Amino acid sequence: MSNWGNIAEPMVLAVPAIAAALLAVLPGYRLTSKINVLASLLTFLAGLTLIFHRPPTSTFLLVDDLNVFLIVPNTFVGFTASEPYQRGQQRCI
């Protein structure tokens with residue numbers, strides 16, 4: 001096992017949580033929309049990393065083929081839905 005799996009696992013879990021906390025407290029639409037797109041991209045890239053580098057199984061977490069199959073499409077949809085939506089909303093402002 002390489003260290004990429006150990007890095008990707010917390011990123012898939014922590015990046016959306018940190019981004020949600022930031023988006024809740026920061027004012028302004030332009031900055032928060034960029035943070036949203038960046039967080040979605042980072043989560044998608046971390047999900048892709050899980051395809052090739054699996055973290056070791058622990059007592060509380062198991063990343064198997066089914067989990068990766070569910071994580072990658074969901075993070076892809078989250079990224080592809082957030083970016084065009086944010087770009088379209090910025091034109092309206």
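Data table
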read-out	value
Lone qualifier among Leu23, Leu66, Leu48 - being assigned to a helix (DSSP H, G or I), under 16 Å from Ser82 (Cβ atoms) and not hydroxyl-bearing (Ser, Thr, Tyr)	Leu23
Matching residues in segment 40-79 - criterion: being in contact with a Phe, Trp or Tyr (Cβ under 9 Å, 6 or more places away or on another chain), of a type in the set (Phe, Trp, Tyr) and within 28 Å of Leu22 (Cβ to Cβ)	Phe44, Phe76, Phe79
Residue, most open to solvent (accessible area, probe 1.4 Å), within segment 55-74, restricted to residues that are at pLDDT 80 or above and closer than 13 Å to Ala8 by Cα	Ile71
Which listed residue, of Ser33, Ser40, is under 17 Å from Thr80 (Cα atoms), open to solvent by less than 60 Å² (accessible area, probe 1.4 Å), of a type outside the set (Asp, Glu) and at pLDDT 90 or above	Ser40
Tally, over segment 3-23, of residues that are open to solvent by 80 Å² or more (accessible area, probe 1.4 Å) and either more than 10 Å from the chain's Cα centre (by Cα) or on the phi > 0 side of the Ramachandran plot (or both)	4
Residues being closer than 21 Å to Phe76 by Cα, of a type outside the set (Lys, Arg) and touching a residue at least 24 places away in the same chain (Cβ under 8 Å) - total across segment 12-44	12
Scope segment 50-62; condition of a type outside the set (Gly, Ala, Ser) and farther than 16 Å from Gly78 by Cβ; matching residues	Ile51, Phe52, His53, Arg54, Pro55, Pro56, Thr57, Thr59, Phe60, Leu61, Leu62
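The values are calculated or read from the model by the stated rules, or taken from the named source; none is laboratory data. A quick note: this is a predicted structure, and the numbers were derived from the prediction, not measured. So basically every Cβ, Gly included, is an ideal-geometry build from the backbone, and we count neighbours across all protein chains shown. The protein model used for the area step is the full one, side chains on, heavy atoms only, and it has no ligands, DNA or RNA in it. Shrake-Rupley method; radii C 1.70, N 1.55, O 1.52, S 1.80 Å.
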